[in-house]
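Engineer: Take this structure first; my questions come after.
The values are calculated or read from the model by the stated rules, or taken from the named source; none is laboratory data. Predicted, not measured: the structure shown is a model, and the values here were computed from it. Every residue, glycine as well, gets a Cβ built from its backbone with ideal geometry; the counts of neighbours run over all protein chains shown. Side chains included, ligands, DNA and RNA excluded: accessible areas come from the protein's heavy atoms. Shrake-Rupley method; radii C 1.70, N 1.55, O 1.52, S 1.80 Å.
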Amino acid sequence: MRIVVLTGAGISAESGVPTFRDADGLWEGHRIEDVATPEAFERDPATVQAFYDARRRAVASVAPHVAHRALARLEGALGDELLVVTQNVDDLHERAGSRNLVHMHGELRRALCTACGARPRWDADLAPRPPCPVCGERMLRPDVVWFGEMPYELDRIEQAVVACDVFVSIGTSGAVYPAAGYVALAAAFGARTVELNLVPSDPMIPFDDARAGRAGELVPVWVDEVIAARSS
Ligand code: APR
């Protein structure tokens, strides 16, 4: 049984990583367009670098929780039949043990060199403008996909979505495309669709099974159901 799991900020909320679309519409006190666009970086690189340096440090101080671990457990049972596609730039899925994983919006723990295109692992601050370890230019930015930029590995994701038997959306508001369109694509190709989210989202087509609640409660239960169904 081939399963694609799409995750968003909601799966990391219980680890202490804030979601994007909070009640005040701000992300850690900033308007998204002031920190998450190429234009913002061009206008005020120091503010953008400091913002992502703070996010990188914050993520280093939190840990994966039962929902991340349950998805790693599912990969243990399904192997390559499970692909986790995350919109999150934190590394909580891999720290929980997921390996078959796509970071479609990039990773906080990588830098992107705008001079040579290298994407080195990165745990330090970028605000001091360190040199690229590959080309030496001081042109590193966070390797996160900003609004108006192309997400990573879209071909691989779309191939998995059209081929899957079950598509599961966890902790995402469905506000940002192309990720928000995957449920419709999966359904069009015959997959069963499941949503595990704090509040039901409003997709173009309804999920076959929409469960409302915290990821920490819903994900382990759903994973147990899948593993039990496979072994029965
Ligand atoms: N358990 C499950 N779902 C939760 C929880 C929780 N504990 N807490 C919040 N949620 C849900 C919210 O109800 C909301 O539907 O998670 C969703 C988070 O939505 P967003 O904040 O919009 O995050 P996301 O969907 O990941 O955003 C997509 O937008 O800003 C860009 O690039 C950024 O990857 C991000 C993209």
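Engineer: In a loop (DSSP other than H, G, I, E, B), in contact with a Pro (Cβ under 7 Å, 6 or more places away or on another chain) and either open to solvent by less than 20 Å² (accessible area, probe 1.4 Å) or more than 13 Å from the ligand (Cβ to nearest atom) (or both): is that true of L108 in this structure? Lay out the reasoning, then the answer.
Structural biologist: Numbers: in a loop (DSSP other than H, G, I, E, B): no; in contact with a Pro (Cβ under 7 Å, 6 or more places away or on another chain): yes; either open to solvent by less than 20 Å² (accessible area, probe 1.4 Å) or more than 13 Å from the ligand (Cβ to nearest atom) (or both): yes.
It is false that L108 is in a loop (DSSP other than H, G, I, E, B), in contact with a Pro (Cβ under 7 Å, 6 or more places away or on another chain) and either open to solvent by less than 20 Å² (accessible area, probe 1.4 Å) or more than 13 Å from the ligand (Cβ to nearest atom) (or both).
Engineer: Go through (1) open to solvent by 50 Å² or more (accessible area, probe 1.4 Å); (2) under 17 Å from the mean Cα position of the chain (by Cα); (3) in contact (Cβ under 8 Å) with a residue 24 or more places away in the chain one by one and return the number of the condition D123 breaks.
Structural biologist: The single condition D123 does not satisfy is (2).
Engineer: Let me ask something else about it. If the Cβ limit is 6 Å and pairs must be 6+ apart or interchain, which residue in the range 5-19 that is in contact (Cβ under 8 Å) with a residue 40 or more places away in the chain and at positive phi pairs with which residue that is in a loop (DSSP other than H, G, I, E, B) and more than 8 Å from the ligand (Cβ to nearest atom)?
Structural biologist: G16/V62
Engineer: Here's another thing I want to ask about it. Can you tell me which of (1) more than 16 Å from the ligand (Cβ to nearest atom); (2) without any contact (Cβ under 8 Å) to a residue 24 or more places away in the chain is the one L101 doesn't meet?
Structural biologist: The number of the failed condition is (1).
Engineer: I'm told C113 meets every condition in (1) open to solvent by 50 Å² or more (accessible area, probe 1.4 Å); (2) in contact with a Cys (Cβ under 6 Å, 6 or more places away or on another chain) except one. Can you identify the failing condition by its number?
Structural biologist: All conditions are met except number (1).
Engineer: Would you point out the residue of the range 150-176, among those that are assigned to a loop (DSSP other than H, G, I, E, B) and within 10 Å of the ligand (Cβ to nearest atom), that is surrounded by the fewest Cβ atoms within 10 Å (Cβ to Cβ)?
Structural biologist: Initial filter on the range 150-176 (assigned to a loop (DSSP other than H, G, I, E, B)): 150-153, 164-165, 171-176.
Then keep just the ones that are within 10 Å of the ligand (Cβ to nearest atom); that gives 151, 171-176.
On the way: P151: 18, G171: 27, T172: 26, S173: 18, G174: 19, A175: 12, V176: 17.
Here the answer is A175.
Engineer: Here is a follow-up. Mind listing just one residue for me: the one in the range 179-202 that is assigned to a loop (DSSP other than H, G, I, E, B) and within 11 Å of the ligand (Cβ to nearest atom) and, of those, surrounded by the most Cβ atoms within 10 Å (Cβ to Cβ)? Give the steps one after another, and end with the answer.
Structural biologist: Step one: of the range 179-202, the residues assigned to a loop (DSSP other than H, G, I, E, B) are 189-191, 198-202.
Then keep just the ones that are within 11 Å of the ligand (Cβ to nearest atom); that gives 198-202.
Numbers: L198: 15, V199: 9, P200: 12, S201: 19, D202: 10.
Only one residue fits best here, namely S201.
Engineer: Follow-up. Take G117 and decide whether it is outside the structural domain of V223 (by TED's automatic domain parsing), closer than 21 Å to R156 by Cβ and free of Cβ contacts under 8 Å to residues at least 12 places away in the same chain.
Structural biologist: Working: outside the structural domain of V223 (by TED's automatic domain parsing): yes; closer than 21 Å to R156 by Cβ: yes; free of Cβ contacts under 8 Å to residues at least 12 places away in the same chain: yes.
Criteria met by G117.
Engineer: Name the single residue, out of those in the range 203-217 being touching a residue at least 40 places away in the same chain (Cβ under 8 Å) and within 24 Å of M1 (Cα to Cα), that is nearest to the ligand (Cβ to nearest atom).
Structural biologist: By that ranking, first place goes to A215.
Engineer: While we're here: Out of (1) modelled with pLDDT under 95; (2) surrounded by 15 or more Cβ atoms within 10 Å (Cβ to Cβ); (3) more than 15 Å from the chain's Cα centre (by Cα); (4) among the aliphatic types (A, V, I, L, M), the odd one out for I227 is which?
Structural biologist: Unmet for I227, out of (1) modelled with pLDDT under 95; (2) surrounded by 15 or more Cβ atoms within 10 Å (Cβ to Cβ); (3) more than 15 Å from the chain's Cα centre (by Cα); (4) among the aliphatic types (A, V, I, L, M): (1).
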